[in-house]
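Below is one structure; the comments refer to it alone.
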Amino acid sequence: MQRAVARVLRGLRGLRAPPVRALCAAAGTPPRGLLYERHGEPADVLQLKELELPALGHSDVLIKMLAAPINPADINMIQGTYALLAPLPAVAGSEGVGRVLEVGPGVVALSPGDCIIPADAGLGTWRTHAVLPEHSLLRVPGDVPLLCAATLSVNPCTAFRMLSDFESLAPGDSVIQNAANSGVGQAVIQIAKAMGIRTINVVRDRPDLPQLVERLLALGADHVVTEDALRKPEMKEIFKSIPKPRLALNCVGGRSTTEMLRHLQPKGTMVTYGGMAKQPVTVPVSAFIFRDVRLRGFWMTQWKKDHDKQSMASMVDTLCQMVQKGQLSAPACTAVPLEDFREALAASMQPFTSSKQILLL
């Protein structure tokens, strides 16, 4: 399997390869995708099946998908527990990168050979080929590396919006976040560093903690602490050199959130975008009365609904520029051939997972 992955990665190294001619030749094999006809555990309901492509419409685009990640939201959609559910039967996956093979006569902004990512959620990216309307796609520069492009439209966008929309942060300010090893967490570290913002990054204790701390520091983290350390004197030492955070980013809930909130500045904001602990956010009354903290929520899918495609395109362009400058890289990834999707699903649902599973299509 490792040799097969290596061959695919060599062929897809950078978005300039493989050439469109090679992709068109590959299109001679029947399109395939991971389909589910009912909700349930992914291992039980997902099936790798041949797909019938619809005819290319006036404003449609034929795409060869190249790579697509497995995100927690994808798992929840398959399980039927997410706020956004695709009509059944559905092809799984909401994120990824592909290359344009053919366009309808009414397509104006895309051409064969262009690299694209989804502008919308729930398009069904775990497939080899797709016919999709032009308005649901965004072009990305051809020099953006494959894994960066495949993981661009969800986690980095979420990180960018949360850092931009809730507090007017300036260079020298600080942000505290839990789940710092997640895809969003890794993007927050890098984008914040590019903006001159310090980060305090909270992770769960684990067997490989020293290696994780080293990796997050290499990404640009200023401080990495465990959840247990949030109540210890070492936090006072941290705040001798940097200001207390005006923004806290919560993806966990439960005790982690309550302890993190203690370090937020008065009138600061905590933004919740996930609930990995499956526990409620508990806030002491004193935090509201005496410190006037604000609690907000964020969901990237809702942001897309509330903003036009140009706003999304502008943000993606900014993120691509960060990638091109070496300020933003893909999260830690493990590439897996589509045929081995069950192995990738199992790995993505393991505790203490820091490597995002990427299906090579």
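The values are calculated or read from the model by the stated rules, or taken from the named source; none is laboratory data. No experiment lies behind these values; they were computed from the predicted model shown. Ideal geometry is used to build each Cβ from the backbone, glycine not excepted, and the neighbour counts take in all protein chains shown. The protein model used for the area step is the full one, side chains on, heavy atoms only, and it has no ligands, DNA or RNA in it. Shrake-Rupley method; radii C 1.70, N 1.55, O 1.52, S 1.80 Å.
Consider Ala179 carefully, then state whether it is on the phi > 0 side of the Ramachandran plot, crowded, with 17+ Cβ neighbours inside 10 Å and either in contact with a Cys (Cβ under 7 Å, 6 or more places away or on another chain) or not in a helix (DSSP H, G or I) (or both). Steps first, please.
Values: on the phi > 0 side of the Ramachandran plot: yes; crowded, with 17+ Cβ neighbours inside 10 Å: yes; either in contact with a Cys (Cβ under 7 Å, 6 or more places away or on another chain) or not in a helix (DSSP H, G or I) (or both): yes.
Yes; evaluated as a whole, the condition is true for this residue.
Quick check on this structure: which one of Val188, Val175 is among the aliphatic types (A, V, I, L, M), under 22 Å from Met315 (Cα atoms) and in contact with a Lys or Arg (Cβ under 9 Å, 6 or more places away or on another chain)? Show your work before the answer.
Details: Val188 fails: in contact with a Lys or Arg (Cβ under 9 Å, 6 or more places away or on another chain).
Criteria check complete, one pass: Val175.
Applying the selection to segment 137-182, what residues are over 25 Å from Gly297 (Cα atoms) and touching a Pro at 6+ places or on another chain (Cβ under 7 Å)? Before the answer, list the steps.
In the first step, residues of segment 137-182 are kept if they are over 25 Å from Gly297 (Cα atoms); the result is 137-150.
Those that are over 25 Å from Gly297 (Cα atoms) and touching a Pro at 6+ places or on another chain (Cβ under 7 Å): Leu137, Ala150.
Would you say Val224 is among the aliphatic types (A, V, I, L, M) and modelled with pLDDT under 95?
Details: among the aliphatic types (A, V, I, L, M): yes; modelled with pLDDT under 95: no.
It is false that Val224 is among the aliphatic types (A, V, I, L, M) and modelled with pLDDT under 95.
One line per residue, one yes/no per condition, for (1) in a strand (DSSP E or B); (2) in contact with a Ser or Thr (Cβ under 9 Å, 6 or more places away or on another chain):
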site: Asp120; (1), (2): no, yes
site: Leu132; (1), (2): yes, no
site: Leu138; (1), (2): yes, yes
site: Cys148; (1), (2): no, yes
site: Ala159; (1), (2): no, no
site: Leu163; (1), (2): no, no
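Looking at (1) under 18 Å from Trp299 (Cα atoms); (2) part of a loop (DSSP other than H, G, I, E, B), find the lone condition where Arg38 falls short.
(1)
Take the residues of segment 285-310 that are basic (Lys, Arg) and more than 19 Å from Thr151 (Cα to Cα): which is surrounded by the fewest Cβ atoms within 10 Å (Cβ to Cβ)?
Lys305
Within segment 252-284, track down each residue that is open to solvent by less than 70 Å² (accessible area, probe 1.4 Å), modelled with pLDDT of 95 or more and more than 22 Å from Glu234 (Cβ to Cβ).
Thr269, Val271, Thr272, Tyr273
Those residues that are of a type in the set (Gly, Ala, Ser) and in contact (Cβ under 8 Å) with a residue 40 or more places away in the chain, I need them from segment 284-324; list them, please.
Filtering segment 284-324 down to residues of a type in the set (Gly, Ala, Ser) leaves 286-287, 297, 311, 313-314.
Ala313, the sole residue that qualifies.
Which residue pairs have Cβ atoms closer than 6 Å, lie 6 or more positions apart in sequence or on different chains, and pair a first residue in segment 130-144 that is under 7 Å from Val61 (Cβ atoms) and modelled with pLDDT of 95 or more with a second residue that is of a type in the set (Ser, Thr, Tyr) and assigned to a loop (DSSP other than H, G, I, E, B)?
Glu134/Ser59
Can you tell me which residue in segment 61-84 is nearest to Val107 (Cα to Cα), limited to those that are touching a helix residue (DSSP H, G or I) at 6+ places or on another chain (Cβ under 7 Å) and open to solvent by 40 Å² or more (accessible area, probe 1.4 Å)?
Restricting attention to segment 61-84, the residues satisfying the condition of being touching a helix residue (DSSP H, G or I) at 6+ places or on another chain (Cβ under 7 Å) are 61, 64, 66-70, 75, 78, 82, 84.
Now restrict to residues that are open to solvent by 40 Å² or more (accessible area, probe 1.4 Å): 82, 84.
Working: Tyr82: 32, Leu84: 28 Å.
The residue in question is Leu84.
Would you check which residues across segment 195-221 are assigned to a helix (DSSP H, G or I) and surrounded by fewer than 17 Cβ atoms within 10 Å (Cβ to Cβ) and list them?
Start the filter on segment 195-221 by keeping residues that are assigned to a helix (DSSP H, G or I), which leaves 209-219.
Matches in segment 195-221: Leu209, Pro210, Gln211, Glu214, Arg215, Leu217, Ala218.
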